[in-house]
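First up is the structure itself, then whatever we jot down about it.
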Amino acid sequence: MSFSNEEFVVRNDWRRDEVLALFSKPFNDLLYEAQSMHRRFFDPNSVQLSTLLSIKTGACPEDCKYCPQSARYDTGLKKEKLLHIDNVMEAAKAAKSSGATRFCMGAAWRSPHDRDIPSLIQMISEVKALGMETCMTLGMLSEGQAEKLADAGLDYYNHNLDTSPEYYKEIITTRTYQDRLETLSKVRQAGMKVCSGGILGMGEDQNDRAGLLVELANLPSHPDSVPINMLVKVPGTPLSDADDFEPFEYIRTIAVTRLMMPKSYVRLSAGREQMNEQMQALAFLAGANSIFYCEKLLTTSNPKSNEDLQLLEKLGIRSEAYYEEQPDSQRESDLYRVCAESRDENLYYRAG
Ligand code: SAM
Ligand code: DTB
Ligand code: SF4
């Protein structure tokens with residue numbers, strides 16, 4: 001039976017065995033189904049570009065085994081207090097002129113202090129005034145804090161479930177899975193869009209990856225954005241020696257995410273620098289339609305903007321919001337103008 005897009009009802013009742021069955025499909029069948037689903041709800045040739053900035057770096061009290069910013073591991077990271085608004089705006093303007101449409105600000109906190117909220121509100125309103133979407137990831141939120149951020153106009157809040165409920169305790173002991181679910185619920189209640197995903201390659205098995213996706217897809221509403229990170233192995237962290245993650249399993253996970261959460265943005269996230277162009281192209285074919293763009297993630301590096309723009313150009317993929325903003329007659333020429341400008345070294349956002 002076929003349904004029109006209006007009639008299509010997303011599912012929030014996924015079982016793990018069904019998800020494992022998706023993972024087990026022949027690769028070509030899985031990619032065909034994921035790409036077909038992707039085309040029902042999205043332009044397959046467009047991608048959303050988000051740029052990250054670490055607004056408060058290192059010295060985090062949590063023990064997330066993957067994270068270079070935990071105070072418990074010696075990663076040689078230089079810690080920094082909450083950035084001044086001028087530094088944030090300089091980075092946001094550079095991201096915008098490179099072609100990013102969303103600016104994501106991350107802080108190495110367990111949760112924000114109430115005393116920091118006025119500075120965060122100023123960052124949200126000034127970045128929005130540039131005409132960019134805003135996203136923050138600040139750790140756990142209280143109800144009052146979620147409301148204040150939402151009232152300031154914060155569009156997205158990122159808070160990842162990271163892995164399955166049962167594998168989670170191997171990775172983090174200082175806060176629970178339930179804590180994370182409660183923060184996601186507060187974010188949704190406050191009216192912000194939810195960005196939540198996980199990390200692959202932390203020693204979990206396929207059953208854990210299926211478990212993560214079941215948790216995300218069975219939330220009362222699907223996250224609007226689902227970042228699928230591949231572990232960046234940072235020396236000094238307990239996961240620095242993790243085995244390399246199998247590239248086809250990464251692509252399969254993207255495809256299964258697309259099938260389970262057909263209307264959500266699926267982001268090809270951290271770890272992209274370790275992926276070749278062909279692997280990234282397969283991830284787009286599997287239904288990824290968002291990337292972190294510009295040369296730094298929070299503390300680690302990301303592919304160079306000109307390389308990303310060249311790859312998108314080779315694949316005929318456009319930046320989504322920019323494309324939609326333009327009148328028909330200008331679309332083609334303006335896209336190439338943005339690419340050309342961004343290839344100018346002076347316009348790159350170079351953090352750190
Ligand atoms: N402290 C806040 C929190 O944990 O919610 C916000 C910042 S935290 C760095 C944001 C996310 O980055 C984590 O939830 C994790 O999924 C991801 N992340 C951190 N280190 C990573 C790494 N080495 N490789 C891949 N993803 C990583
Ligand atoms: C997400 O899922 N990945 C981003 C963003 N949300 C905040 C962070 C990736 C961090 C990679 C390690 C680093 O650069 O510190
Ligand atoms: Fe802290 Fe977030 Fe890193 Fe965990 S992931 S150690 S909470 S900065």
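The values are calculated or read from the model by the stated rules, or taken from the named source; none is laboratory data. Because the structure is a prediction, the values reported are computed rather than measured. Please note: Cβ atoms are built from the backbone with ideal geometry, for glycine as well, and neighbour counts cover all protein chains shown.
Structure notes:
- Matching entry among T51, T134 (being buried (at least 22 other Cβ atoms within 10 Å of the Cβ), within 23 Å of R180 (Cβ to Cβ), more than 16 Å from ligand 3 (Cβ to nearest atom) and hydroxyl-bearing (S, T, Y)): T134
- Residue check, D63 at pLDDT 95 or above, away from ligand 3 (no atom under 16 Å from the Cβ) and assigned to a loop (DSSP other than H, G, I, E, B): no
- First in region 228-245 and closer than 11 Å to G271 by Cα, second anywhere and β-branched (V, I, T) and more than 11 Å from ligand 1 (Cβ to nearest atom), Cβ under 8 Å, 6 or more apart: I228/T253; I228/I254; I228/T257; I228/V266
- Screening region 82-122 for residues that are of a type outside the set (D, E) and free of Cβ contacts under 8 Å to residues at least 12 places away in the same chain and picking the one that is nearest to ligand 3 (Cβ to nearest atom) gives H113.
- Candidate set from region 105-128 (those that are in contact with an Asp or Glu (Cβ under 9 Å, 6 or more places away or on another chain) and of a type outside the set (A, V, I, L, M)); member that is farthest from ligand 1 (Cβ to nearest atom): K128
The rows are residues; the columns are (1) exposed (fewer than 13 other Cβ atoms within 10 Å of the Cβ); (2) at pLDDT 95 or above.
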position: N5; (1), (2): yes, no
position: E18; (1), (2): no, yes
position: F23; (1), (2): no, yes
position: P26; (1), (2): yes, yes
position: K78; (1), (2): yes, no
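- Within region 272-296, the residues that satisfy the criterion of being at pLDDT 95 or above and in a loop (DSSP other than H, G, I, E, B) are M275, N276, A286, G287, A288, N289.
- If the condition is being within 15 Å of ligand 1 (Cβ to nearest atom) and surrounded by fewer than 17 Cβ atoms within 10 Å (Cβ to Cβ), then region 146-177 contributes E170, T173, T174, T176.
- Region 184-199: number of residues that are crowded, with 19+ Cβ neighbours inside 10 Å and over 25 Å from I254 (Cβ atoms): 2
- Whichever residue in region 54-76 is near ligand 1 (Cβ under 9 Å from one of its atoms) and hydrophobic (A, V, I, L, M, F, W, C) and, among such residues, is surrounded by the fewest Cβ atoms within 10 Å (Cβ to Cβ): C60
- Per the listing L22, L31, L49, the residue uniquely touching a Phe, Trp or Tyr at 6+ places or on another chain (Cβ under 7 Å) and outside any loop (DSSP other than H, G, I, E, B) is L49.
- Positions within region 165-215 being in a loop (DSSP other than H, G, I, E, B), under 18 Å from the mean Cα position of the chain (by Cα) and away from ligand 3 (no atom under 14 Å from the Cβ), in sequence order: M192, G201
- Pairs, first of a type in the set (F, W, Y) in region 50-76, second near ligand 3 (Cβ under 9 Å from one of its atoms) and outside any loop (DSSP other than H, G, I, E, B), C-beta under 9 Å, six or more apart: Y66/D162
- Residues that are away from ligand 2 (no atom under 15 Å from the Cβ), small (G, A, S) and surrounded by 24 or more Cβ atoms within 10 Å (Cβ to Cβ), drawn from region 250-282: A255
- For Y73, the stated conditions hold: it is at pLDDT 95 or above, within 16 Å of ligand 3 (Cβ to nearest atom), touching a Gly at 6+ places or on another chain (Cβ under 8 Å) and in a loop (DSSP other than H, G, I, E, B).
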